[in-house]
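These notes are about the structure you will find just below.
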Amino acid sequence: MSEAERVRESQIRSAIDKRMESFELDKITLNHLVVDGELVLEPALVKAKVDAVMKEWTRKRDVVSDITGVWSRQYQPLEYVFDNAFSGVISLIDFDKMFSVVLNLPDEKAAGLSGISNEL
């Protein structure tokens, strides 16, 4: 485990130890991510938990698949896409760089819509 990962886990555990009943990030609460008293940190398990919550929360939508008129051309597959068209979009996030950015965020700022501040 890298130093950044140890610090992240320490901060998460510190936040949990403050005895918050739950916090809401959209419709995912801390209670959804705790199993047998332990915070789920494994990305695949977190994804599975989030998927399960969202399946319960969202409704199935009927989608019109027959698009006609002026929009039909917009939804046709492109004949050619350059190999590097999405290279900058799908690059992996460097954890250490992200961690550095989060550590250098200014203190005492409004939390935003999520209600989660960057101060742990």
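Label-to-label distance, F86 versus V53, with points set 7 angstrom from Cα along the beta-carbon direction: 2.7 nm.
Within the accessible surface of the chain, defined with a 1.4 Å probe on protein heavy atoms only, the carbon and sulfur portion equals 55 percent. Among the lysines of the chain, pairs at least eight places apart or on separate chains and with Cα atoms under 19 Å apart come to 6. Note on K97 and Y75: the model spin-label points, each 7 Å out from Cα along the C-beta direction, lie 3.6 nm apart.
The values are calculated or read from the model by the stated rules, or taken from the named source; none is laboratory data. Every value quoted in this text rests on a predicted model; they were computed, and no experiment measured them. Glycine gets a Cβ as well: all are built from the backbone with ideal geometry, and neighbour counts include every protein chain shown. Remember, those area values only see protein heavy atoms, side chains included, never the ligands or the DNA or RNA. Shrake-Rupley method; radii C 1.70, N 1.55, O 1.52, S 1.80 Å.
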